[in-house]
1. Starting from residues that are in contact with a strand residue (DSSP E or B) (Cβ under 9 Å, 6 or more places away or on another chain) and outside any helix (DSSP H, G or I), keep the ones in segment 1-18 and report whichever is nearest to the ligand (Cβ to nearest atom).
2. Take the residues of segment 252-271 that are in a loop (DSSP other than H, G, I, E, B) and of a type in the set (Gly, Ala, Ser): which is surrounded by the fewest Cβ atoms within 10 Å (Cβ to Cβ)?
3. Under 9 Å by Cβ, and 6 or more places apart or on different chains, what pairs join a residue from segment 22-41 that is more than 22 Å from Glu5 (Cβ to Cβ) with one that is near the ligand (Cβ under 7 Å from one of its atoms) and not in a loop (DSSP other than H, G, I, E, B)?
4. Confirm whether Arg209 is among the basic types (Lys, Arg) and in contact with a helix residue (DSSP H, G or I) (Cβ under 7 Å, 6 or more places away or on another chain).
5. Spot the failing condition for Met78; the list is (1) part of a loop (DSSP other than H, G, I, E, B); (2) more than 16 Å from the chain's Cα centre (by Cα); (3) not hydroxyl-bearing (Ser, Thr, Tyr), and only one is missed.
6. Across segment 19-49, what is the total count of residues that are touching a Phe, Trp or Tyr at 6+ places or on another chain (Cβ under 9 Å), part of a loop (DSSP other than H, G, I, E, B) and near the ligand (Cβ under 8 Å from one of its atoms)?
7. Residues that are within 16 Å of the ligand (Cβ to nearest atom), surrounded by 15 or more Cβ atoms within 10 Å (Cβ to Cβ) and either more than 30 Å from Met249 (Cα to Cα) or not hydroxyl-bearing (Ser, Thr, Tyr) (or both): does segment 54-61 have at least one?
8. For segment 155-184, give me the residue count where each residue is surrounded by fewer than 22 Cβ atoms within 10 Å (Cβ to Cβ) and assigned to a strand (DSSP E or B).
Amino acid sequence: MKRIERARNWTRQHLRLFRCPVCSAPCADVSGNSLICENGHATDFNKHGYLYFLRKPANDEYDTALFEARRKLIQAGMFLPIMKEIARQLPSSPQTILDVGTGEGSPLCQLLSQRADSGDTAIGFDISRAGIALAAQLPLDALFCVANLRELPFANASFTVVTELFSPSDYREFDRVLAPHGLLIKVIPGPQHLRELRALLFPEDDDRRFYDNSSVRNLFEAHYPKAKEMPLCYEFSVPVDLRCDLMRMSPLQWGASARVPNTEELKKLDSVTIDALILIGTASSEAPSSDSAS
Ligand SMILES: [Zn+2]
């Protein structure tokens, strides 16, 4: 079956998860190559099998090379212990999962394969078309879409789990789409994250040698006062042929003033520290009121 056909069938079976990006009405049907809302607005499926929800093109700074570098490192297991831990935190019953900032989709793929036979339903979205075009090629029973974090094209209280790996948040939107008692699982870097790479980029007395996660963490805890925190730190052995991809996977993260290490220096990075903090918040026990959708 063609990818677009698979995406259309998947969406038709899960219409209740979506809402119109134009008028916020429920989605009523899949017709031709479009998802149609009750008021007749159409959102198109791309021929590669993903839904495109943006109403104006995003200022998309990430290109295919970046996502290909990410994919190689992630598929080599760079974040696998994190995805295994997230899988352990989920109830064993079937979950409806939204993966925020899904990129090229490999972390979501690893999470779902840890939960094989759980009967989960999953959507991954990203603002980057280059990332989602790669994600849609994964052999995965999930739907990918290009969408904006600030205006999620999903219905109120429609997901039991929202996950995000090193990605920005919009807590108001997450609260809206999470079902009562749903889980928000957010992974942020710890101070030692990629310290071997940082040591090549910044001088010894530079604050950026260590990642300060306090403001992100405080904001999360302000929204979810009963949040659970799980630190996870390990060494990732970087395959020789992927060491230069470490720089390519996040070129904008380091800022213009960072040094650019040469190939010889990068090739010596035989292992890097992955220092992550998994934050788990629980949505309130009440469904969001309809006016929070406005
Ligand atoms: Zn509409």
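1. My answer is Phe18.
2. It comes out as Ala256.
3. Val22/Cys37; Cys23/Cys37; Ser24/Cys37; Ala25/Cys37; Pro26/Cys37
4. Yes.
5. Met78 satisfies all of (1) part of a loop (DSSP other than H, G, I, E, B); (2) more than 16 Å from the chain's Cα centre (by Cα); (3) not hydroxyl-bearing (Ser, Thr, Tyr) except (2).
6. Of the residues in that region, 1 qualify.
7. The answer is yes; a qualifying residue exists.
8. 4
The values are calculated or read from the model by the stated rules, or taken from the named source; none is laboratory data. What you see is a predicted model, and the numbers here were worked out from it, not measured in a lab. Positions of Cβ are generated from backbone atoms using ideal geometry, with glycine treated the same way; all protein chains shown enter the neighbour counts.
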